[in-house]
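This report concerns only the one structure given below.
The values are calculated or read from the model by the stated rules, or taken from the named source; none is laboratory data. Nothing here was measured: the structure is a model prediction, and the numbers come from that model. Cβ sites come from the backbone with ideal geometry, for glycine too, and all protein chains shown count toward neighbours.
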Amino acid sequence: MSSSTMTQTRRQEWMGVLARARPAQLAALLPDLPAHDYLRAPETGCVMVRGRIGGAGAPFNLGEMTVTRCALKIDGGAVGHGYVQGRDKMHAMRAALVDALMQGNDAGRIEAEVLAPLRAEQSGQRLARAERAAATKVEFFTMVRGED
């Protein structure tokens, strides 16, 4: 895997973590906002969600989803983008700030102070959801009848 592909994969991962983060938790982890200039102020719109039957069939339009996006530049020149579900403009702005900070010298600190706690919470949520689903699992079996 090339360096740029690895960097792109890492960026996709942290942007996904930021998009799934609870806005209140992200605000608590990043209370002090660094100076920044908006390239695109937070704005809300809709995107079309597409699906595939069976995961591999022909694509179809499932419906629209509300999304808020933001693009900004911090001191030092790093550009950050944030896309979040819903209408929370501060969530999109904080996601864009973290994206920009992760591209600079503060990446290690931001990884430890912001992204690691968000990943831990999201992992716990996935585990709790899996445990709730496992509790409803039904085991089916066939009893062998003596007839051949």
Could you grab me the full set of residues in the stretch 43-61 that are aliphatic (A, V, I, L, M) and more than 20 Å from G86 (Cβ to Cβ)?
I53, A56, A58
Any chance the stretch 2-10 includes a residue that's surrounded by fewer than 17 Cβ atoms within 10 Å (Cβ to Cβ), in a strand (DSSP E or B) and not hydrophobic (A, V, I, L, M, F, W, C)?
no
Could you pull out the residue among G80, G45 that is at pLDDT 95 or above, under 19 Å from the mean Cα position of the chain (by Cα) and surrounded by 12 or more Cβ atoms within 10 Å (Cβ to Cβ)?
G80
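Each row is one residue, and each column tells you yes or no for (1) at pLDDT 90 or above; (2) of a type in the set (S, T, N, Q); (3) under 17 Å from P34 (Cβ atoms); (4) in a helix (DSSP H, G or I).
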{"site": "G54", "(1), (2), (3), (4)": "no, no, no, yes"}
{"site": "V67", "(1), (2), (3), (4)": "yes, no, no, no"}
{"site": "M93", "(1), (2), (3), (4)": "yes, no, yes, yes"}
{"site": "Q103", "(1), (2), (3), (4)": "yes, yes, yes, no"}
{"site": "L115", "(1), (2), (3), (4)": "yes, no, yes, yes"}
{"site": "R129", "(1), (2), (3), (4)": "no, no, no, yes"}
Any pair with Cβ under 9 angstrom, 6 or more apart, that starts in the stretch 8-34 at a residue that is without any contact (Cβ under 8 Å) to a residue 40 or more places away in the chain and ends at one that is exposed (fewer than 12 other Cβ atoms within 10 Å of the Cβ):
T9/M1
Mind telling me which of the residues G108, G76, G80 ends up being in contact with a Lys or Arg (Cβ under 9 Å, 6 or more places away or on another chain) and closer than 25 Å to A27 by Cβ?
G80
So, in the stretch 30-42, exactly how many residues are touching a strand residue (DSSP E or B) at 6+ places or on another chain (Cβ under 6 Å) and at pLDDT below 95?
1
Give the residue that is nearest to the chain's Cα centre (by Cα), with candidates limited to residues of the stretch 11-39 that are surrounded by fewer than 13 Cβ atoms within 10 Å (Cβ to Cβ) and of a type in the set (D, E, K, R).
E13
